[in-house]
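Colleague: For reference, the structure I am asking about is given below.
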């Protein structure tokens with residue numbers, strides 16, 4: 001799960017892909033090599049979202065809306081999401097910046113920032129991807145715990 005980074009002198013690295021709810025609580029996380037396209041992780045991320053219970057009735061199995069940046073723009077993936085009954089707001093490639101999705105996307109960026117405050121996640125020390133994924137999951141657990149307790153960074 002490492003690959004040459006296109007922006008950091010081709011050093012080996014990895015990317016963190018995160019799906020959050022509207023409040024920034026991580027629902028699913030994945031890692032991929034730094035040289036992989038983001039769009040390859042969109043459907044696996046949506047599939048990794050667990051059922052969300054807590055209310056009376058059937059647990060929610062899928063989100064109603066996906067908001068993503070240009071890295072996840074792909075017509076086949078938009079069709080797959082609409083086939084699953086998920087609306088998508090994905091910024092289109094080759095258009096000017098200022099699409100307005102930043103008003104919604106900052107929540108995910110903030111969650112990634114929270115994850116990168118854990119040194120083990122900011123700088124990858126582990127060679128094995130399963131160990132790094134475990135630390136990433138542990139970071140998400142700590143974020144959820146801090147959210148529930150009410151003590152944030």
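Colleague: Taking into account only those residues within segment 101-113 that are free of Cβ contacts under 8 Å to residues at least 40 places away in the same chain and in a helix (DSSP H, G or I), which is surrounded by the most Cβ atoms within 10 Å (Cβ to Cβ)?
Modeller: 105
Colleague: While we're here: Restricting to segment 127-153, count the residues that are in a loop (DSSP other than H, G, I, E, B) and surrounded by 12 or more Cβ atoms within 10 Å (Cβ to Cβ).
Modeller: Adding up the residues that qualify gives 0.
Colleague: When you look at residue 120, is it more than 15 Å from residue 26 (Cβ to Cβ) and in a helix (DSSP H, G or I), yes or no? Please lay out each step first, then the result.
Modeller: Working: more than 15 Å from residue 26 (Cβ to Cβ): yes; in a helix (DSSP H, G or I): yes.
Answer is yes for this residue.
Colleague: Take residue 13 and decide whether it is surrounded by 17 or more Cβ atoms within 10 Å (Cβ to Cβ), within 23 Å of residue 142 (Cα to Cα) and touching a residue at least 40 places away in the same chain (Cβ under 8 Å).
Modeller: It is false that residue 13 is surrounded by 17 or more Cβ atoms within 10 Å (Cβ to Cβ), within 23 Å of residue 142 (Cα to Cα) and touching a residue at least 40 places away in the same chain (Cβ under 8 Å).
Colleague: Here is a further query. Starting from residues that are exposed (fewer than 14 other Cβ atoms within 10 Å of the Cβ) and in a helix (DSSP H, G or I), keep the ones in segment 41-61 and report whichever is nearest to the chain's Cα centre (by Cα).
Modeller: It comes out as 44.
Colleague: Here are the criteria: (1) out of contact with any helix residue (DSSP H, G or I) (no Cβ under 8 Å at 6 or more places or on another chain); (2) modelled with pLDDT under 85; (3) crowded, with 16+ Cβ neighbours inside 10 Å. Tell me which single one residue 8 does not satisfy.
Modeller: Going through (1) out of contact with any helix residue (DSSP H, G or I) (no Cβ under 8 Å at 6 or more places or on another chain); (2) modelled with pLDDT under 85; (3) crowded, with 16+ Cβ neighbours inside 10 Å one by one, residue 8 breaks only (3).
Colleague: Can you pull out the residues in segment 62-78 that are exposed (fewer than 15 other Cβ atoms within 10 Å of the Cβ) and at pLDDT 85 or above?
Modeller: Across segment 62-78, the qualifying residues are 64, 65, 75, 76.
Colleague: In the list 97, 116, 83, which residue meets the criterion of being modelled with pLDDT of 90 or more and either more than 17 Å from residue 19 (Cα to Cα) or out of contact with any strand residue (DSSP E or B) (no Cβ under 9 Å at 6 or more places or on another chain) (or both)? First the steps, then the outcome.
Modeller: Numbers: 97 fails: modelled with pLDDT of 90 or more; 116 fails: either more than 17 Å from residue 19 (Cα to Cα) or out of contact with any strand residue (DSSP E or B) (no Cβ under 9 Å at 6 or more places or on another chain) (or both).
Testing whether each residue is modelled with pLDDT of 90 or more and either more than 17 Å from residue 19 (Cα to Cα) or out of contact with any strand residue (DSSP E or B) (no Cβ under 9 Å at 6 or more places or on another chain) (or both) leaves just 83.
Colleague: Yes or no: residue 81 surrounded by 10 or more Cβ atoms within 10 Å (Cβ to Cβ) and within 18 Å of residue 13 (Cβ to Cβ)?
Modeller: no
The values are calculated or read from the model by the stated rules, or taken from the named source; none is laboratory data. Here the structure is a predicted model, which means the values were calculated and not measured. Counting neighbours? That spans all protein chains shown, and the Cβs are built from the backbone with ideal geometry, glycine included.
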